[in-house]
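Reviewing the structure listed below.
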Amino acid sequence: MRPAQAPPDKFGVVLVLLCVGYLVYALTAAPWAHWVVPAVYLAALSFAVRTSRPGPRVRRLVRVLLAVSAVVVAGALALLPRDAAIGVLDAVLIVLLGTTLAIILGRVLSGRDVTLSAIAGALSAYLVIGLLFANVFGVLAWVMPEPFFAGGQEADQQSLQYFSFTTLTTVGYGDYTAASYPGRGVATFEALVAQVFLATLVARLVASFRRPGAPPEQGPGVAPGPATAPGPPGTSA
C-alpha cells in the first residue's frame, strides 16, 4: 500500500485483473469462482491505490476496507446458505468496485499527460461500471420477492453479468429483461452512465493522446516556416 514501492500509473495491470474477474464469471458458475473473483477484485483495488498515490487517509481507509471485505466474504461463503452468501458477496463487491472506480477516476482526471496508461485507466473504469452494476442487479435479485428477469430465468452471476454488459453497451438483445421497475430503472441508469462516460472521458483522452516525445500538433492556420537554404559561397544573408 506504500506508493513508493510501485511505479506510477500502471493501470494496464488493473485492467488485466478486472478482465480476469470478468472472464471467470463469464466462463464458469463453479463454487470456487465465488472465492477467486473477490480475491481478484481485492488485488485490483490494492494495485489501483498503489499506482494512484492517494493521500494517507485514503490509503488507511482502503487497508481497513480490504481487511473487512476479506473477512466478510470468507465468513459469508463459509457459514451462510448459498443465496444469502451470494447476496452478501454482491454487496461487498459493490463497495469494492465503487471504491476502485472512484480511485481510478480521481487519478485519471487529475493527470496532466494523456498516456497509454491513462487510457488503460479509463478503460478499467468503464469495465468497473459494468461489473459494479452486475452486482447491483444481484442485490436486487436477492432482496426482491419476485424473479428479477421477466422470463423467469435464474439470476445467477453469469446471467447478471451478461445482462449488465449488454445494457452498458446498449446492445439490448432482449433475451434478458428486468421484470420489476427497480431493475428497469437501474438498467436505464446504467445505459445513461455508459453513454456519458464514453462521450466525455474516453473520447477526450483518446483525442488528446500524444506519444511520449512526439512534438505538439500545430493549431489550424499555422503553416510551417520555410526552410532556410544556405546561400552560395561569397554571399551574405
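The values are calculated or read from the model by the stated rules, or taken from the named source; none is laboratory data. This one's a predicted model, so the numbers in the text were calculated from it and none came from an experiment. For neighbour counting, all protein chains shown are included, and Cβ atoms are generated from backbone atoms with ideal geometry for every residue, glycine included. Protein only, heavy atoms only, side chains kept; ligands, DNA and RNA dropped before computing areas. Shrake-Rupley method; radii C 1.70, N 1.55, O 1.52, S 1.80 Å.
Given axes a ≥ b ≥ c from the Cα gyration tensor, I'd like to know whether segment 127-202 is rounded (a/c under 1.5), prolate (a/b larger than b/c) or oblate. If you can, show how the numbers build up before the last one.
Details: a/c = 1.96, a/b = 1.85, b/c = 1.06.
In terms of gyration-tensor shape, prolate.
Across segment 1-112, how large is the tail of the calculated P(r) beyond 23 Å, expressed as a percent of all Cα pairs?
Working: 1844 of 6216 pairs.
In whole percent, the long-distance tail amounts to 30.
Please give the contour-minus-distance gain from ARG112 to THR200: 0.36 nm per residue of separation, less the Cα-Cα distance, rounded to one decimal in nm. It would help to have the intermediate numbers written out before the result.
On the way: separation 88, 0.36 × 88 = 31.68 nm, distance 1.65 nm.
Separation in residues times 0.36 nm, less the Cα-Cα distance, equals 30.0 nm.
I need the shape label for segment 96-152. Rule: rounded when a/c is under 1.5, else prolate if a/b > b/c, else oblate, with a, b, c from the alpha carbon gyration tensor. Write out the running numbers ahead of the final one.
Details: a/c = 5.93, a/b = 3.08, b/c = 1.93.
Judged from the Cα gyration tensor, segment 96-152 comes out prolate (a/c at least 1.5, a/b above b/c).
Ignoring ligands, DNA and RNA, how do TYR41, TYR173 rank by accessible area with a 1.4 Å probe, largest first?
Working: TYR41 5, TYR173 155 Å².
Order by accessible area, largest first: TYR173, TYR41.
Treat each spin label as a single point 7 Å out from the Cα along the C-beta direction, and report the THR188 to VAL64 distance in nm.
Placing both labels 7 Å along Cα→Cβ, they lie 3.8 nm apart.
According to the square roots a ≥ b ≥ c of the eigenvalues of the Cα gyration tensor, what is the shape class of segment 65-166, taking rounded for a/c under 1.5, prolate for a/b larger than b/c otherwise, and oblate for the remainder?
Verdict is oblate for segment 65-166.
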